[in-house]
Amino acid sequence: MALAAVLALAGCGRLIPDSTPRPGPWSPPPGPVAPGPSVYVAPGASVVDQPIGGETFGRLRRVTQSLAQCEAELAAARVTFTPTPDRMNSPTCGLTAAGVLGPDFGTAARMTPGDVTMTCALAAAVSLWRRQSLEPAAREILGSDVVAIEHMGVYACRGVRNDSGETARVSAHSRAAALDFSGVRLRDGRRITVAGDWGGDSAEARFLRRIRDDGCRVFGTVLSPDYNAAHRDHLHLEAESGRLCR
Ligand SMILES: [Zn+2]
């Protein structure tokens with residue numbers, strides 16, 4: 001994909017609270033809902049439980065192409081995901097194959113705020129990243145468990161933001177396909193933030209760079225403070241193709 005197209009998928013800024021539905025010109029036509037495919041049973045362990053490696057991104061892409069299989073992968077990993085109806089809020093902004101990511105019962109850490117609406121593909125990528133990178137890296141580098149994963153939201157009907165403002169290009173946030181991660185709280189009380197701990201060579205900085213680097217093998221696009229000033233306080237984690245990591 002051309003760099004311009006990749007950049008069109010990225011960007012961060014003001015987000016729409018999940019609890020605030022926006023009226024839009026389009027609504028699903030009335031009529032019976034078509035029956036869904038039969039329940040898919042994932043062979044062996046869920047993708048969420050497989051260690052990060054060179055195959056991770058491609059494997060995630062394959063098992064999340066179908067919403068039914070994506071839901072089965074999350075269910076097999078005891079990650080709560082409740083599908084929501086597809087909807088469009090504008091011609092360039094809406095939800096497809098999305099749902100509410102609730103608690104991960106395989107781990108203690110909770111998303112803050114919780115119950116975040118996102119695509120199933122993003123929910124699977126976030127769940128894999130937290131179990132295979134964020135949580136073990138905190139134990140290894142910081143010596144404590146993550147109890148809260150703090151973020152600035154997912155769904156926002158807007159264009160890509162760069163250092164000079166908002167552009168006309170549609171952000172992945174307009175498809176609920178990117179999470180803006182801002183930091184973690186640990187069981188020992190410490191709070192690690194991208195805004196405050198990115199620079200230098202402290203354990204906190206090494207933790208943040210580790211989870212950014214791991215994220216590059218999980219997500220299609222990862223943008224950090226190394227990318228531009230618009231990302232000085234968060235990691236933009238986007239579960240679409242692109243393969244841009246900085
Ligand atoms: Zn973002």
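The values are calculated or read from the model by the stated rules, or taken from the named source; none is laboratory data. Note that the coordinates shown come from a computational prediction; the quantities given were computed from them, not determined experimentally. Cβ atoms come from the backbone with ideal geometry, glycine included; neighbour counts cover every protein chain shown.
Would the stretch 232-241 turn up any residue that is within 20 Å of GLY53 (Cβ to Cβ), at pLDDT below 95 and surrounded by fewer than 16 Cβ atoms within 10 Å (Cβ to Cβ)?
For the stretch 232-241, residues within 20 Å of GLY53 (Cβ to Cβ), at pLDDT below 95 and surrounded by fewer than 16 Cβ atoms within 10 Å (Cβ to Cβ): present.
How many residues, within the stretch 188-208, are within 20 Å of MET111 (Cα to Cα) and either within 16 Å of the ligand (Cβ to nearest atom) or outside any loop (DSSP other than H, G, I, E, B) (or both)?
10
Evaluate the following for SER90: is it closer than 24 Å to CYS216 by Cα and surrounded by fewer than 18 Cβ atoms within 10 Å (Cβ to Cβ)?
On the way: closer than 24 Å to CYS216 by Cα: no; surrounded by fewer than 18 Cβ atoms within 10 Å (Cβ to Cβ): yes.
So SER90 fails the test.
Cβ-Cβ distance below 8 Å, separation of 6 or more or different chains: which pairs start in the stretch 79-92 with a residue that is of a type in the set (Lys, Arg) and end on one that is part of a strand (DSSP E or B)?
So the pair list comes out as ARG87/GLY94; ARG87/LEU95.
Can you say whether THR80 is among the hydroxyl-bearing types (Ser, Thr, Tyr), over 19 Å from GLU240 (Cα atoms), at pLDDT 95 or above and not in a helix (DSSP H, G or I), as far as the supplied structure shows?
Details: among the hydroxyl-bearing types (Ser, Thr, Tyr): yes; over 19 Å from GLU240 (Cα atoms): yes; at pLDDT 95 or above: yes; not in a helix (DSSP H, G or I): yes.
It is true that THR80 is among the hydroxyl-bearing types (Ser, Thr, Tyr), over 19 Å from GLU240 (Cα atoms), at pLDDT 95 or above and not in a helix (DSSP H, G or I).
Applying the selection to the stretch 131-150, what residues are within 20 Å of GLN69 (Cβ to Cβ) and charged (D, E, K, R)? Show your work before the answer.
Of all residues in the stretch 131-150, those within 20 Å of GLN69 (Cβ to Cβ) come to 131-132.
Residue satisfying the conditions is ARG131 alone.
Considering (1) polar (S, T, N, Q); (2) away from the ligand (no atom under 15 Å from the Cβ); (3) in contact (Cβ under 8 Å) with a residue 12 or more places away in the chain; (4) within 30 Å of GLY143 (Cβ to Cβ), say which one SER224 fails and leave the rest.
(2)
Among the residues of the stretch 127-144, are any modelled with pLDDT of 95 or more, farther than 23 Å from SER202 by Cβ, away from the ligand (no atom under 16 Å from the Cβ) and touching a Leu at 6+ places or on another chain (Cβ under 7 Å)?
Yes.
Being more than 14 Å from the ligand (Cβ to nearest atom) and modelled with pLDDT of 95 or more is true for just one of ARG185, ARG212. Which residue is that?
Numbers: ARG212 fails: more than 14 Å from the ligand (Cβ to nearest atom).
One residue alone meets the criteria, ARG185.
The conditions are (1) more than 18 Å from the chain's Cα centre (by Cα); (2) modelled with pLDDT of 95 or more; (3) within 15 Å of the ligand (Cβ to nearest atom), and LEU179 fails exactly one of them. Which is it?
LEU179 satisfies every listed condition except (1).
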